[in-house]
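Down below is the structure, laid out as structure tokens.
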Amino acid sequence: MNLQYTLQRLALQLKNKPRTLKRVARVFQKIMKTLYDTYFPNAEARRRGRNPDCPDADILTVGWLLEYIAEDSENSGYRRIKAKLKTVFPALPERSLFNRRRRNLSTASEVIRQALTNYLPKTNVFIVDSFPIPVCDFKRAHASKSDFKWADGTGTLATYGNCATKSLGTFFGFRGTLITAANRIPVDFGITSADRDDRDVLPLLAERGEYRILLGDKGYISQQLQAELMQTQATVLLPTLRSNQKQQYPERFRKLQVRMRRIETTIGQPTEQFHISRVRALKHWGLLTRMSNKFGSCLLGAFVNQCLGHPLMKLKDLVLA
């Protein structure tokens, strides 16, 4: 049976029914189990020792659900799910073991997140922009002993950066880069040190997907970068031009570009509902895991909305209606 049809059939179980947290959790659980069994067949059976009482798919479901229900504190979110969804996840382990397994399944979470983009509407136009991820209050940064001050395996570590557009100024932490489709669905993300230039990160993200046309703000102005992306990825980068530049886009295209560049709205929703600009992890591994869970749950909500015929990014109404 076609996988997309199976997933759509599961999502339609919410049609014309009250979308309570328990009912949505059961649908998320079934979709996640289907995806996990598809992309990681017999993964638990191949491991040594006795299989845990709580399956991997349930750990992934709870991890994504924690980010979806907009609980800023992981502790309170976990207690809420443990109390209200006891019949849905009867074997959910205690919080420290759950977090350990959640981090161990970060690769699976990322594979499933990327797979979900294949079941959402396709577009040739994408928007790219960055957002700050402060680690701690600026005045505490010098004395902080956070593990983020040391680089992980990729060389990423918390540094001082500047963000003028978000009224934040100089901050200490990381810089996130988000690529969203024209329909405001986030399709990929990256996390780098706060002092990295946005133009250094974009080629690495462009390698992971097919982006025919990329719209960006003035921070992506670079003829060298435009030529590189066109030559290596066949990607047309169209940044917003400064008013004093000699060469300008045609007036008609400039108006269209303004309408299309709705990335600020797209970043605003994950910031408010999924808290993507707040660090609640203690180590790099935990940060990447939670970011993958945040954007994964966002995509899953958009997919369910698509199946129900609702606006894709009307995510809060999916559970709270």
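The values are calculated or read from the model by the stated rules, or taken from the named source; none is laboratory data. Being a predicted model, the structure only gives us computed values, none of them experimental. Cβ atoms come from the backbone with ideal geometry, glycine included; neighbour counts cover every protein chain shown. Side chains are part of the model used for accessible areas, which takes the heavy atoms of the whole protein and leaves out ligands, DNA and RNA. Shrake-Rupley method; radii C 1.70, N 1.55, O 1.52, S 1.80 Å.
Looking at this structure, is Phe28 of a type outside the set (Ser, Thr, Tyr), under 25 Å from Asn118 (Cβ atoms) and buried (at least 19 other Cβ atoms within 10 Å of the Cβ)? Against the criterion (of a type outside the set (Ser, Thr, Tyr), under 25 Å from Asn118 (Cβ atoms) and buried (at least 19 other Cβ atoms within 10 Å of the Cβ)), Phe28 qualifies.
Restricting the stretch 270-309 to residues that are over 22 Å from Asp58 (Cα atoms) and part of a loop (DSSP other than H, G, I, E, B), the residue that is nearest to the chain's Cα centre (by Cα) is Ile276.
Residues checked against (1) crowded, with 19+ Cβ neighbours inside 10 Å; (2) in contact (Cβ under 8 Å) with a residue 12 or more places away in the chain; (3) of a type outside the set (Asp, Glu):
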position	(1), (2), (3)
Asp37	no, yes, no
Val62	yes, yes, yes
Leu66	yes, yes, yes
Ser73	no, yes, yes
Ile81	yes, yes, yes
Lys84	no, yes, yes
Pro90	no, no, yes
Leu97	no, no, yes
Arg102	yes, yes, yes
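Restricting the first member to the stretch 105-117 and to residues that are under 11 Å from Leu60 (Cβ atoms) and open to solvent by less than 10 Å² (accessible area, probe 1.4 Å), and the second to residues that are assigned to a helix (DSSP H, G or I) and among the small types (Gly, Ala, Ser), the beta-carbon pairs closer than 6 Å and six or more apart or on different chains are Ser109/Ser292; Ser109/Gly296; Arg113/Ser292; Arg113/Gly296. Just one of (1) under 20 Å from the mean Cα position of the chain (by Cα); (2) within 19 Å of Gln273 (Cβ to Cβ) trips up Thr154, so point out which. Checking Thr154 against (1) under 20 Å from the mean Cα position of the chain (by Cα); (2) within 19 Å of Gln273 (Cβ to Cβ), the one that fails is (2). Taking the stretch 281-321 as the range and being surrounded by fewer than 24 Cβ atoms within 10 Å (Cβ to Cβ) and among the hydroxyl-bearing types (Ser, Thr, Tyr) as the test, only Thr289 passes.
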